[in-house]
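Contents: one structure, followed by commentary.
Every read-out reported here was derived from the displayed coordinates using simple, explicitly stated rules and does not represent laboratory data. Here the structure is a predicted model, which is why all the values come from computation and not from measurement. Virtual Cβ from ideal backbone geometry, glycine too; neighbours counted across all protein chains shown.
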Amino acid sequence: MKRQGKREGKNFEEKAYFISSERLSAKAFLKPIQGHWSIENQLNWVKDVTLKEDKPPRWGSFSR
């Protein structure tokens, strides 16, 4: 699988390999992989919101 996207403002492209003993079509094989990323993204969303990781840093005397 080839992944493409943007991290920290930089484009990236990477390959990931998956092994299975089941004989599946490409579409059927992709479904559980996408499900894994969906779960991981949901977990990161909770962390980002709770810890306010997506807010831009504040600078200056009013940053507290």
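What the table shows:
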{"read-out": "Long-range neighbours under 9 Å by Cβ, at least six apart or interchain, first residue hydroxyl-bearing (S, T, Y) within region 21-32, second in a helix (DSSP H, G or I) and surrounded by 10 or more Cβ atoms within 10 Å (Cβ to Cβ)", "value": "none"}
{"read-out": "Selection from region 1-20 of residues that are assigned to a strand (DSSP E or B) and loosely packed, with under 10 Cβ neighbours inside 10 Å", "value": "K2, Q4, G5, K6, R7, K10, N11, E13, E14, K15"}
{"read-out": "Long-range neighbours under 7 Å by Cβ, at least six apart or interchain, first residue among the aliphatic types (A, V, I, L, M) within region 3-19, second assigned to a strand (DSSP E or B)", "value": "A16/R3"}
